[in-house]
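A.B. asks: Let me begin by handing over the structure; questions about it come next.
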Amino acid sequence: MTKLAASSGTVIYEDKNKLYITKKPAQWTSTFLFVTGLLAFILLANGVSQLFVFEMKIPDAPNLRLILFGLGVLFSLIFWRVLVYRKKVNAKPVNELKCICIIDLNNKTLLDDQQNIMAPLNQVILIRKMQLTSSSKQLALQWNKNTLTLVEGNPFAGGIEAVEQALISKGIKRK
C-alpha cells in the first residue's frame, strides 16, 4: 500500500487502484500537545525569570519561583508522555487502522469498510462543511441525501488540504 496523503488523523492509502481512507487513533493528541507544550513553556519561562527579576523585591518570590517552575516541569512531563503515547499508537500498521470507506477507481464506486457499494462515483461530490468546535472545516463525501465525514479538520494537525487534494487528483469532484 502506498500512502497518498494525511491530514488531521485521516490517511489515504492506495492499493490496486483502490483508495483506502482510514482514521488514525489518538486524534486528540495534536491539540493536547499544543496546549500542554505552550503551558510548559510559559510556566518554565516565568519560573526562571522570577529567579532574576524579582529576587529581592517580593518576599514571597522564592515560593512563586518554585511553584511556577514545578508546574512547568509537570506540564513538560505530561507533554513528553503524551508524545510517546501518540508515537506508539500511530505506529500501528495500515491493516489495524479503522477504515472509513474505500473508493474503487476501477469500478467507479464508493464502498463502505465491508466493501458494500454505497454509491457510484459519478454521484459523489467532495464538500467542505463548517465545524462549530474548530476554525478548520470538515471534509465530507456527499451523494443523494447521504453524507460521510472523512476529515474533521484540526489546525494543529494539518487541516484538510492534503486529503482534499489527493482525492481531487484521483478524480473526485468538489462542490
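Read the figures in this text as sums done on the coordinates, not as results from a lab. Everything quoted here is computed from the prediction, not taken from an experiment. Cβ placement follows ideal geometry from the backbone for every residue including glycine, while neighbour counts extend to all protein chains displayed.
A.B. asks: Would you work out if region 100-150 is rounded, prolate or oblate? Take a ≥ b ≥ c from the square roots of the eigenvalues of the alpha-carbon gyration tensor; rounded if a/c is under 1.5, else prolate when a/b is larger than b/c, oblate otherwise.
C.D. replies: Because a/c hits 1.5 or more and a/b exceeds b/c, region 100-150 counts as prolate.
A.B. asks: So for the pair Asp112, Ala26, with labels modelled 7 Å out along Cα→Cβ, what separation do we get in nm?
C.D. replies: Placing both labels 7 Å along Cα→Cβ, they lie 3.0 nm apart.
A.B. asks: Among the listed pairs Lys16/Lys88; Lys98/Lys137; Lys18/Lys88; Lys24/Lys129; Lys23/Lys108; Lys108/Lys173, which have their C-alpha atoms separated by more than 24 angstrom in this model?
C.D. replies: From Lys16/Lys88; Lys98/Lys137; Lys18/Lys88; Lys24/Lys129; Lys23/Lys108; Lys108/Lys173, over 24 Å: Lys16/Lys88; Lys18/Lys88.
A.B. asks: In debye, nearest 20: dipole of the chain around its Cα centre with unit charges on the Cβ of K, R (+) and D, E (-)?
C.D. replies: 380
A.B. asks: Counting only C-alpha contacts under 8 Å and six or more residues apart, can you give the relative contact order of the chain as a whole percent?
C.D. replies: Numbers: 295 pairs, mean separation 43.1, N = 175.
Computed over the chain, the figure is 25 percent.
A.B. asks: Two-decimal Rg/Rh of region 58-175 from alpha-carbon positions, Kirkwood Rh?
C.D. replies: With Rh from the inverse mean 1/r over Cα pairs, Rg/Rh is 1.23.
A.B. asks: Same structure again: Show me the three semi-axes of the equivalent ellipsoid for region 30-89, from the C-alpha gyration tensor (sqrt of 5 times each eigenvalue), largest first, rounded to whole Å. Write out the running numbers ahead of the final one.
C.D. replies: Working: eigenvalues 171, 16, 8 Å².
Output for region 30-89: semi-axes of 29, 9, 6 Å.
A.B. asks: Suppose R0 equals 45 Å; then what is the FRET efficiency for Gln123 and Arg81 from their Cβ-Cβ distance, rounded to the nearest 0.05? Mind showing how you got there, number by number?
C.D. replies: Values: r = 46 Å, r/R0 = 1.02.
It comes to 0.45.
A.B. asks: Kindly state, to the nearest 0.05, the FRET efficiency for Lys3 paired with Val73, given R0 = 35 Å and r defined as their beta-carbon distance.
C.D. replies: Working: r = 37 Å, r/R0 = 1.05.
In this case the efficiency is close to 0.40.
A.B. asks: Hey, another quick one. What helices in the chain pass both tests, a Cα length along the helix axis of 27 Å or more and a mean Kyte hydropathy of -0.5 or higher, using whole DSSP H runs? Walk me through the intermediate numbers first.
C.D. replies: Numbers: long enough: 29-53 (34 Å, 1.73); 61-89 (42 Å, 1.12).
Span-like helices here: 29-53, 61-89.
A.B. asks: I would also like to ask the following. For a paramagnetic label modelled at 7 Å from the Cα of Phe156 toward its Cβ, which residues of region 79-94 fall within the zone defined by backbone nitrogen distances under 20 Å?
C.D. replies: 79-91
A.B. asks: Between beta-carbons, use under 13 Å as the cut-off and find the net charge around Asn17, counting Lys and Arg +1, Asp and Glu -1.
C.D. replies: Computed value for this residue: +1.
A.B. asks: Another one. Which FRET efficiency value, to the nearest 0.05, do you get for Leu38 and Asp15 by plugging their Cβ-Cβ distance into 1/(1 + (r/R0)^6) with R0 = 41 Å?
C.D. replies: Working from the Cβ atoms, E equals 0.55.
A.B. asks: Calculate for the chain the 222 nm mean residue ellipticity that helices alone would give, adding -39,500 (n - 2.57) per DSSP H run of length 4 or more and normalising by residue count, nearest 500 deg cm²/dmol.
C.D. replies: Calculated at 222 nm, the ellipticity per residue is -12500 deg cm²/dmol.
A.B. asks: Could you please state, rounded to a whole Å, how far the C-alpha centre of region 22-42 is from the C-alpha centre of region 135-175?
C.D. replies: 22
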